[in-house]
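Here's the structure, in structure tokens; my notes come after.
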């Protein structure tokens with residue numbers, strides 16, 4: 001069992017690091033909050049999977065047993081995620097130069113992180129196609145094997161994003177005036193791209209367009 005547990009832990013670490021450093025709407029939000037409000041708010045946003053992923057795992061398990069309904073479910077979630085990312089992009093485009101002495105609006109980083117992660121179809125797809133099968137297989141042999149995978153995955157997923165938030169938060173004073181505004185516009189553009197991609201994915205889930213294979 002020891003070898004299997006180590007293998008499960010390594011799988012969790014590798015997949016966690018891959019998910020943590022991969023570009024996407026959640027990583028973009030962590031970077032955006034770090035630039036706007038400092039490392040602390042970026043770290044708050046990075047903690048969102050600790051809140052959202054338990055129901056995501058449960059929903060993914062249900063989807064495994066009811067594949068006929070999964071595309072409609074994911075389609076609705078993807079469409080809602082596209083609308084929310086469009087709102088975040090609009091906020092980023094409106095952001096002007098950072099003023100350290102001006103009272104900033106309530107960042108609500110954790111709430112934004114929870115919404116982005118919960119409305120993003122990628123965690124559902126990951127747990128449906130990769131995470132849940134690994135967990136189920138490990139649990140059949142020992143609950144500790146499944147827990148090793150979970151601990152390795154989330155330690156690296158959240159740890160990588162916390163590292164990014166802390167690194168960017170230290171350089172917040174470099175993003176003043178026009179450079180900061182342009183950085184936020186770039187992030188707004190990235191969020192817009194992700195919003196369009198999620199909207200297209202929603203159309204694929206609903207069967208309105210052909211899915212690319």
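The values are calculated or read from the model by the stated rules, or taken from the named source; none is laboratory data. No experiment lies behind these values; they were computed from the predicted model shown. FYI the Cβ positions are ideal-geometry reconstructions off the backbone, even for glycines, and counts take in every protein chain you see.
Residues in the range 69-86: is at least one in a helix (DSSP H, G or I), loosely packed, with under 13 Cβ neighbours inside 10 Å, out of contact with any strand residue (DSSP E or B) (no Cβ under 9 Å at 6 or more places or on another chain) and at pLDDT below 70? Lay out the reasoning, then the answer.
At the first step, the residues of the range 69-86 found to be in a helix (DSSP H, G or I) are 69-86.
Then keep just the ones that are loosely packed, with under 13 Cβ neighbours inside 10 Å; that gives 69, 72.
Cutting the leftovers down to out of contact with any strand residue (DSSP E or B) (no Cβ under 9 Å at 6 or more places or on another chain) gives us 69, 72.
From what is left, the residues that are at pLDDT below 70 are 69.
Yes, the range 69-86 has at least one match.
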Report summary line: Scanning the range 159-183 residue by residue, those part of a helix (DSSP H, G or I), modelled with pLDDT under 75 and surrounded by 14 or more Cβ atoms within 10 Å (Cβ to Cβ) turn out to be 169, 172, 180, 181, 183
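Regarding the range 1-15, can at least one residue be identified that is modelled with pLDDT of 75 or more, under 13 Å from the mean Cα position of the chain (by Cα), at negative phi and surrounded by 21 or more Cβ atoms within 10 Å (Cβ to Cβ)? Write out each step before concluding.
Of the range 1-15, the ones modelled with pLDDT of 75 or more are 3-15.
The next check asks that each one be under 13 Å from the mean Cα position of the chain (by Cα); those that pass are none.
Checked the range 1-15: no residue is modelled with pLDDT of 75 or more, under 13 Å from the mean Cα position of the chain (by Cα), at negative phi and surrounded by 21 or more Cβ atoms within 10 Å (Cβ to Cβ).
Taking the conditions exactly as written (at pLDDT 80 or above and either closer than 24 Å to residue 51 by Cβ or touching a strand residue (DSSP E or B) at 6+ places or on another chain (Cβ under 7 Å) (or both)), does residue 149 satisfy them or not? Show your work before the answer.
Details: at pLDDT 80 or above: yes; either closer than 24 Å to residue 51 by Cβ or touching a strand residue (DSSP E or B) at 6+ places or on another chain (Cβ under 7 Å) (or both): yes.
For residue 149, the condition - at pLDDT 80 or above and either closer than 24 Å to residue 51 by Cβ or touching a strand residue (DSSP E or B) at 6+ places or on another chain (Cβ under 7 Å) (or both) - is met.
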Query raised in the report: Which residues, counting only those in the range 115-146, are surrounded by fewer than 19 Cβ atoms within 10 Å (Cβ to Cβ), modelled with pLDDT of 85 or more and assigned to a helix (DSSP H, G or I)?
Result: 141, 143, 144
Report task. Taking the residues in the range 16-29 that are under 14 Å from residue 157 (Cβ atoms) and in contact (Cβ under 8 Å) with a residue 40 or more places away in the chain as candidates, determine which candidate is surrounded by the fewest Cβ atoms within 10 Å (Cβ to Cβ). Result -> 21
Query raised in the report: Does any residue of the range 186-193 turn out to be over 17 Å from residue 92 (Cβ atoms), in a helix (DSSP H, G or I) and either at pLDDT below 80 or touching a helix residue (DSSP H, G or I) at 6+ places or on another chain (Cβ under 8 Å) (or both)?
Result: no
Query raised in the report: Given the conditions (1) assigned to a helix (DSSP H, G or I); (2) at pLDDT below 85; (3) surrounded by fewer than 21 Cβ atoms within 10 Å (Cβ to Cβ); (4) within 21 Å of the chain's Cα centre (by Cα), which single one is not true for residue 107?
Result: (1)
